[in-house]
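The values are calculated or read from the model by the stated rules, or taken from the named source; none is laboratory data. Since the model is a prediction, treat every value here as computed from it, not as a measurement. Here the Cβ positions follow ideal geometry from the backbone for every residue, glycine too, while neighbour counts run over all protein chains shown.
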Amino acid sequence: MSDSASRQIDVAIIGAGFAGLYMLHKCRGLGLSAHVWEAGSGVGGTWFWNRYPGARCDAESLQYSYSFVPEIEQEWRWTERYATQPEILAYIEHVADRLDLKRDVTCNTKVTAARYDDAAGLWRVSTDKGEEVTARFVIGATGALSAARIPEFKGLESYTGETYHTGTWPHHKVDFAGKRVGIIGTGSSGVQLIPMLAEEAAHLHVFQRTPAYSIPAHNRPLDDAYVQRWNSNAAEFRRKAREETRNGMLYETTTKSALEVSAEERQREYERRWAIGGGQFLYAYADLLVNPAANETAADFARAQIRSIVTDPKVAALLTPTDYGIGTKRPCVDTDYFATFNRPNVTLVDVNAAPIAEITETGIRLEDGSTYELDAIVFATGFDALTGPMLAIDVTGRSGLSLREKWAEGPRAYLGLMSNGFPNLFTVTGPGSPSVLGNVVVSIEQHVDLIGTILAHMQKAGLTWIEPEKAAEDAWVQRVNEIAAKTLMTKAKSWYMGANIPGKPRVFLAYAGGVDNYRKECDAMVADGFRGFSFAA
Ligand code: NAP
């Protein structure tokens, strides 16, 4: 890969995951000079970093992939319903090679600052390798879940055993055989990793603060006939996912309320969807995420599944979520998660009742004084979601305005795409866009296409400067909040709300109106002469 970049380019792109790579391809197609900086030693973003055993995507592989080059879609053969991390990474590598993208990617390099030069009307982008590049446009393709976070546990630095975070997993195989392992965190990453660790460790302690709802994946190999059927109709399937679904995935949906059917019918429907596996379960009824009583019917069903699997009633009770609704935090999808707690070498530790007081030289001590001696601690403690990756960069816009200051009370961006005060700076799947609430590849393609449309318009009209109007941004932020407030998702303590980071503003970070409606909003904005944006030559 290229290790140097020209000093003056049209577009500086931050991040070489799904978003950055497609953005680079798009810019090339417009005849713009573009370059990508990537912190990792290879392309792949999320799928480069999250290499923990068991890591796989819980969106179906035939849908969680690019659609912008139909030939690539046809020639790539996914092997499983839910692809593993190595398979997704191999796929991204394949696309990058196939489109010859890597020559414009500089790896092992973090963008540390991006400063808008008012006089020149250009961005000055600095990296941790001392490089400074000038670009007319900057595009943050930094990912929504890329700022891995270990909570500030007292004593962490004194621990002498091994430590890992799921989001920065080593490239070599980690050997847990014969070891006493502790894992903190039972979100999507923990739920995938825990069964794998249990297979290998001498003993596994799972430190759980909040129990997770988890739906079985029912993963399986993809047979040729199924793939063939998909491929023959791929264009139409993709169109439907883009334009006619709330979350960018072809799920069976209904307009029925959970409360308008009998308890028996509901039970049958929940059983049917549980047997299909994956996220479909939450689409059983239209009101599961807006009506607490409807949600409770689905939550109750999911709770009963836990009790039917976990043999020790006390452990089952601890694993059962009671104080938030199903789907109001990002639901987990698992293979053998709950059954893992029946193993003799697995102990569930309730760190809600007695929080972690400190990490000692040799393990973990809880506030009730109990101690756990551990050879390795795995942090499955999540990410500073959506805002973390851009705020890790020192971004300064017009008249010295810092993005950290501007977003101090929560992110503000028009369509989740651009922020007033930061001309010519775009974010792909940024806060205020649907991003994490569905198939993120669908959202990435939509944002990259939209940015492409804007850049093409500017080229054609001889414009060099774009900024969203403050009124349009204020109205969008208000709309994002209003839509979120109608859902139950604002009621749970989740990373959707910034609640996983002490001190982070509690605002809902994504547009919850659906990728279908979001696309319509964006298309209307374009059709209406790029309503809400100011341009200059
Ligand atoms: P997460 O959902 O934020 O889970 C973090 C876990 O760590 C939670 O159980 C949290 O407990 C716990 N935790 C954090 N701080 C703690 C503390 N001080 N003491 C005790 N426990 C603590 O993070 P994640 O599992 O990495 O998942 C993040 C997102 O990445 C997912 O929601 C999903 O969108 C994506 N992801 C997707 C897949 C997939 O497609 N299969 C796989 C992995 C990740 P609390 O709940 O009490 O805060």
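For segment 338-380, name all the residues that are outside any loop (DSSP other than H, G, I, E, B), within 12 Å of the ligand (Cβ to nearest atom) and more than 20 Å from Glu157 (Cβ to Cβ).
Within segment 338-380, Val349, Asp350 meet the criteria.
Does segment 325-334 contain at least one residue that is within 19 Å of Tyr213 (Cβ to Cβ), touching a strand residue (DSSP E or B) at 6+ places or on another chain (Cβ under 7 Å) and part of a loop (DSSP other than H, G, I, E, B)?
Checking segment 325-334: at least one residue is within 19 Å of Tyr213 (Cβ to Cβ), touching a strand residue (DSSP E or B) at 6+ places or on another chain (Cβ under 7 Å) and part of a loop (DSSP other than H, G, I, E, B).
Just one of (1) in the same structural domain as Ala19 (by TED's automatic domain parsing); (2) crowded, with 17+ Cβ neighbours inside 10 Å; (3) at positive phi trips up Gly130, so point out which.
Looking at each condition in turn, Gly130 falls short on (2).
What are the pairs with Cβ atoms under 8 angstrom where one residue, in segment 220-237, is closer than 21 Å to Asp58 by Cα and the other, located anywhere, is polar (S, T, N, Q)? Sequence gap at least six, or different chains.
Pro221/Thr79; Leu222/Ser61; Leu222/Thr79; Asn231/Gln74; Ala234/Ser67; Ala234/Gln74; Phe237/Gln63
Evaluate the following for Ile466: is it in contact with a Pro (Cβ under 7 Å, 6 or more places away or on another chain), modelled with pLDDT of 95 or more and of a type in the set (Val, Ile, Thr)?
Here the answer is yes, as Ile466 does meet what is asked.
Does Thr335 meet the test of being within 16 Å of the ligand (Cβ to nearest atom) and of a type in the set (S, T, N, Q)?
Here the answer is yes, as Thr335 does meet what is asked.
Can you tell me which residues in segment 307-319 are touching a Pro at 6+ places or on another chain (Cβ under 8 Å) and either farther than 20 Å from Ala263 by Cβ or in the same structural domain as Val349 (by TED's automatic domain parsing) (or both)?
Listed by number, the residues that qualify are Leu318, Leu319.
So, in segment 412-429, how many residues would count as being more than 16 Å from the ligand (Cβ to nearest atom) and closer than 30 Å to Leu250 by Cβ?
Here the count works out to 8.
Would you check which residues across segment 378-392 are closer than 24 Å to Arg51 by Cβ and of a type in the set (Val, Ile, Thr) and list them?
Scanning segment 378-392 gives Val378, Thr381.
Of all residues in segment 211-250, count the ones that are exposed (fewer than 15 other Cβ atoms within 10 Å of the Cβ) and closer than 30 Å to Ile306 by Cβ.
So the answer is 3.
Conditions tested, residue by residue: (1) closer than 21 Å to Thr335 by Cβ; (2) out of contact with any Asp or Glu (no Cβ under 6 Å at 6 or more places or on another chain); (3) of a type in the set (D, E, K, R).
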residue: Glu93; (1), (2), (3): no, yes, yes
residue: Lys110; (1), (2), (3): no, no, yes
residue: Leu122; (1), (2), (3): no, yes, no
residue: Lys129; (1), (2), (3): no, yes, yes
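If I ask for residues that are without any contact (Cβ under 8 Å) to a residue 60 or more places away in the chain and of a type in the set (Val, Ile, Thr), which ones from segment 352-378 would you list?
Scanning segment 352-378 gives a single hit, Thr371.
Restricting the search to segment 492-537, which residues are of a type in the set (D, E, K, R) and part of a loop (DSSP other than H, G, I, E, B)?
Within segment 492-537, Lys493, Lys504, Arg506, Asp528, Arg531 qualify.
What pairs come up if the first residue lies in segment 173-192 and is assigned by TED's automatic domain parsing to the domain that holds Gly54 and closer than 19 Å to Leu156 by Cβ, the second is within 16 Å of the ligand (Cβ to nearest atom) and in a loop (DSSP other than H, G, I, E, B), and their beta carbons are under 7 Å apart, counting only those six or more places apart or on different chains?
Once the first residue is assigned by TED's automatic domain parsing to the domain that holds Gly54 and closer than 19 Å to Leu156 by Cβ and sits in segment 173-192, no partner that is within 16 Å of the ligand (Cβ to nearest atom) and in a loop (DSSP other than H, G, I, E, B) comes close enough.
Is it the case that some residue within segment 153-161 is within 16 Å of the ligand (Cβ to nearest atom), small (Gly, Ala, Ser) and either within 28 Å of Ala302 (Cα to Cα) or over 20 Å from the mean Cα position of the chain (by Cα) (or both)?
yes
If I filter segment 480-490 for residues that are more than 21 Å from the chain's Cα centre (by Cα) and over 28 Å from Ala286 (Cα atoms), do I get at least one hit?
No.
Can you work out which of the residues in segment 88-109 that are under 23 Å from the mean Cα position of the chain (by Cα) and surrounded by fewer than 16 Cβ atoms within 10 Å (Cβ to Cβ) is nearest to Ile14 (Cα to Cα)?
Asn108
Can you name the strands (runs of 3 or more DSSP E) wholly within segment 40-152 that have at least 1 residues being within 16 Å of the ligand (Cβ to nearest atom) and farther than 30 Å from Ser232 by Cα?
Per the criteria, no element qualifies.
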